[in-house]
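Participant: After the structure tokens below, expect a handful of questions from me.
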Amino acid sequence: MSTKDFIEKDYYKVLGVPKDATEAEIKKAYRKLAREFHPDANKGNTRAEERFKEISEANDILGDPKKRKEYDEARALFGNGGFRPGPGAGGSFNFDLGDLFGGGAQGGQGGQGAGGFGGGIGDVFGGLFNRGSSGTTRVQPRRGQDIESEVTLSFTEAIEGATVPLRMSSQSPCKACSGTGDANGTPRVCPTCVGTGQVARGSGGGFSLTDPCPDCKGRGLIAEHPCDICKGSGRAKSSRTMQVRIPAGVSDGQRIRLRGKGAPGERGGPAGDLYVVVHVDPHPVFGRKEDNLTVTVPVTYPEAALGGEVRVPTLGGPPVTLKLPPGTPNGRTMRARGKGAFRKDGTRGDLLITVEVSVPKDLSGKARDALEAYREATAGEDPRAELFQAAKGA
């Protein structure tokens, strides 16, 4: 990612969330937009494809607390692409980023740098501007691209976890030229960027930002004899099948990140990440409410009125016995603990059992006589008396 992208793009605006949005709000906004603009739902729509890439990029930054913190602090420091001096600092001035952000014990402050960036804020902005703490230019490895894929699971697989095969296509080092881009395997260092893959871009404020080099496309190398397969890019499309373990308890629409399972990097750079969007097929009997499973169980009127024991199915396990107290109303929900979905800590939610009084469509003569006798025995009771009384008093 270029410095311009990191500092100037408003990822909050891309996802349509405020700057103080919670992680849950960011995740919800991403899921909604990702479904709307996913390439599979917009075949041939290049504009939707570009929008989907922007949404994924924004979620990659804002969905990671560490990246989000770095992004927020960078934008607060640089504003609209230039350094904003503090109160009383009039006019323009020049300074060296290595002096401003360099690590070490300058001024009597050693250890962790400002903003909690681990190795110091100089390391973060040194990486962004291709500079070390000493201000020297160095060649950077190139990280592999992230890959996004989708998988559809059965309801049971989502609850219990599953290992599924995923066939993925991505850009990886070209095998014909060993990733050099040159048919002879001897590319030369780009004279424009001197092998860094980036060039300075003036932005005012006394310093320059960087963008990918237009001559070598950010590779730092130029092929004298371009490879016929990759056309000098050093990257070629490849396909592979990977067995991916989906953890137990995933929910529909959840996006799983598998670090280092994306496209391979260049020049010793790390591999990208694999993002798997999970879709879950509905179950004919069970539903889900967060970490709990739900089921509706029909009971007879005598069971609801007099009480009794009812056997209830569970997902992938033996039935449980539900004890109905006398006078159980229709729609009452009871709980079977530990029979729900898996949580992240390995524990399980509960099975929420909703009672539904079953009304028979056909009655035998004996059953009808019994109900007629019951109606006569309760003729003086009006279950709607309180309803009308409340309606008059409102």
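The values are calculated or read from the model by the stated rules, or taken from the named source; none is laboratory data. None of these values were measured; they are calculated from a predicted model. Backbone-built Cβ (ideal geometry, glycine too); neighbour counts: all protein chains shown. Surface areas here come from the heavy atoms of the whole protein model, side chains and all, with no ligands, DNA or RNA. Shrake-Rupley method; radii C 1.70, N 1.55, O 1.52, S 1.80 Å.
Participant: Please determine whether any residue of the range 226-246 is farther than 30 Å from LYS289 by Cα, touching a residue at least 60 places away in the same chain (Cβ under 8 Å), out of contact with any Lys or Arg (no Cβ under 8 Å at 6 or more places or on another chain) and not hydroxyl-bearing (Ser, Thr, Tyr).
Facilitator: The answer is yes; a qualifying residue exists.
Participant: Do you know which of the residues in the range 26-59 that are β-branched (Val, Ile, Thr) and in contact with a helix residue (DSSP H, G or I) (Cβ under 8 Å, 6 or more places away or on another chain) is surrounded by the most Cβ atoms within 10 Å (Cβ to Cβ)?
Facilitator: Going through the qualifying residues, I end up with ILE55.
Participant: Which of (1) touching a strand residue (DSSP E or B) at 6+ places or on another chain (Cβ under 6 Å); (2) open to solvent by less than 40 Å² (accessible area, probe 1.4 Å); (3) over 21 Å from PRO282 (Cβ atoms) is the odd one out, the single condition THR378 does not satisfy?
Facilitator: THR378 satisfies every listed condition except (1).
Participant: Name the pairs: first residue in the range 35-50 and within 18 Å of GLN254 (Cα to Cα), second residue of a type in the set (D, E, K, R) and open to solvent by less than 100 Å² (accessible area, probe 1.4 Å), Cβ to Cβ under 7 Å, at least 6 apart or on different chains?
Facilitator: Partner pairs satisfying both residue conditions: PHE37/ARG51; PRO39/GLU49.
Participant: Is it fair to say THR333 is open to solvent by 20 Å² or more (accessible area, probe 1.4 Å), of a type in the set (Val, Ile, Thr) and modelled with pLDDT of 95 or more? Walk me through it before giving the result.
Facilitator: Working: open to solvent by 20 Å² or more (accessible area, probe 1.4 Å): yes; of a type in the set (Val, Ile, Thr): yes; modelled with pLDDT of 95 or more: yes.
Criteria met by THR333.
Participant: Could you run through the range 343-373 and say how many residues are within 30 Å of PRO247 (Cβ to Cβ) and part of a loop (DSSP other than H, G, I, E, B)?
Facilitator: 7
Participant: Sticking with this structure for a sec: Give the residues of the range 60-81 that are assigned to a helix (DSSP H, G or I), small (Gly, Ala, Ser) and either open to solvent by less than 50 Å² (accessible area, probe 1.4 Å) or modelled with pLDDT of 85 or more (or both), sorted by residue number.
Facilitator: Answer for the range 60-81, where residues must be assigned to a helix (DSSP H, G or I), small (Gly, Ala, Ser) and either open to solvent by less than 50 Å² (accessible area, probe 1.4 Å) or modelled with pLDDT of 85 or more (or both): just ALA74.
Participant: Just need a number here: residues in the range 32-44 that are at pLDDT below 90 and either basic (Lys, Arg) or outside any helix (DSSP H, G or I) (or both).
Facilitator: Here the count works out to 5.
Participant: Of all residues in the range 198-219 being part of a loop (DSSP other than H, G, I, E, B) and at pLDDT below 80, which is most open to solvent (accessible area, probe 1.4 Å)?
Facilitator: LYS217
Participant: For residues in the range 285-312 being farther than 22 Å from PRO360 by Cα and not hydrophobic (A, V, I, L, M, F, W, C), which is farthest from the chain's Cα centre (by Cα)? Before the answer, list the steps.
Facilitator: Residues of the range 285-312 that are farther than 22 Å from PRO360 by Cα, as a first pass: 286-294.
From what's left, not hydrophobic (A, V, I, L, M, F, W, C): 287-292, 294.
Numbers: GLY287: 23, ARG288: 20, LYS289: 20, GLU290: 17, ASP291: 18, ASN292: 21, THR294: 25 Å.
For the range 285-312, the residue satisfying everything is THR294.
Participant: Sticking with this one: Restricting the search to the range 329-342, which residues are outside any strand (DSSP E or B) and either aromatic (Phe, Trp, Tyr) or under 15 Å from ARG288 (Cα atoms) (or both)?
Facilitator: Within the range 329-342, the subset outside any strand (DSSP E or B) is 329-332, 337-341.
Hits for the range 329-342 are ARG337, GLY338, LYS339, GLY340, ALA341.
Participant: Here's a check for you: in the range 231-246, which residue that is of a type in the set (S, T, N, Q) and either open to solvent by 80 Å² or more (accessible area, probe 1.4 Å) or assigned to a strand (DSSP E or B) (or both) is modelled with the lowest pLDDT?
Facilitator: Taking the candidates together, the pick is SER238.
Participant: Failed condition for THR294, given (1) in contact with a Lys or Arg (Cβ under 6 Å, 6 or more places away or on another chain); (2) of a type outside the set (A, V, I, L, M, F, W, C); (3) within 15 Å of PHE155 (Cα to Cα); (4) in contact (Cβ under 8 Å) with a residue 40 or more places away in the chain, with all others met?
Facilitator: (1)
Participant: To continue, here is another question. Mind counting the residues in the range 342-357 that are touching a residue at least 24 places away in the same chain (Cβ under 8 Å), open to solvent by 20 Å² or more (accessible area, probe 1.4 Å) and touching an Asp or Glu at 6+ places or on another chain (Cβ under 9 Å)?
Facilitator: 4
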